[in-house]
1. For the stretch 53-76, what are the residues that are more than 26 Å from the chain's Cα centre (by Cα) and surrounded by fewer than 16 Cβ atoms within 10 Å (Cβ to Cβ)?
2. Tell me yes or no: at least one residue of the stretch 80-102 is in contact with a Lys or Arg (Cβ under 6 Å, 6 or more places away or on another chain) and either at pLDDT below 90 or exposed (fewer than 11 other Cβ atoms within 10 Å of the Cβ) (or both).
3. Which of (1) surrounded by fewer than 10 Cβ atoms within 10 Å (Cβ to Cβ); (2) modelled with pLDDT of 85 or more; (3) in a helix (DSSP H, G or I) does Thr113 not meet, given it meets every other one?
4. Can you confirm whether Ala69 is assigned to a helix (DSSP H, G or I), modelled with pLDDT of 70 or more and in contact with a Ser or Thr (Cβ under 9 Å, 6 or more places away or on another chain)?
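The values are calculated or read from the model by the stated rules, or taken from the named source; none is laboratory data. As the structure is a computational prediction, the values presented were derived from the model and not from experiment. With ideal geometry, Cβ positions are generated from the backbone for all residues, glycine too; neighbour counts draw on all protein chains shown.
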Amino acid sequence: MNHPAAMALRKSRALPLRIKRKSTPPDEAQTILLDRRIFFALLCIRIFNALTIQTFFQPDEYYQSLEPAWKSIFKYGEMTWEWREAIRGFLYPSLFATLWWILKALGVEDANTLV
């Protein structure tokens, strides 16, 4: 004999519930190995890039970073109009100026040694 509750369940139009299982996270050792492989691949690309690309140092870079830093510490050197008009930022040249200030305080003032 059929039970009335069983008959009511069969007549339901709701779709059966499907549970999705989460994939298990990768093992920590596998993750570290994958990270090392990615790092090594990127390092190889960078080394290849550094050895094959032929670039040069723009002379303008001297006048926009090294010269203002030199003049701020040793009080002689060239300044471009961008520095006279104060439209350039001081942060990048201050990296060189800080190093040269420390060396000047230690008594190293020979231009050839500092450069």
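1. Phe74, Lys75, Tyr76
2. Within the stretch 80-102, one or more residues are in contact with a Lys or Arg (Cβ under 6 Å, 6 or more places away or on another chain) and either at pLDDT below 90 or exposed (fewer than 11 other Cβ atoms within 10 Å of the Cβ) (or both).
3. (2)
4. yes
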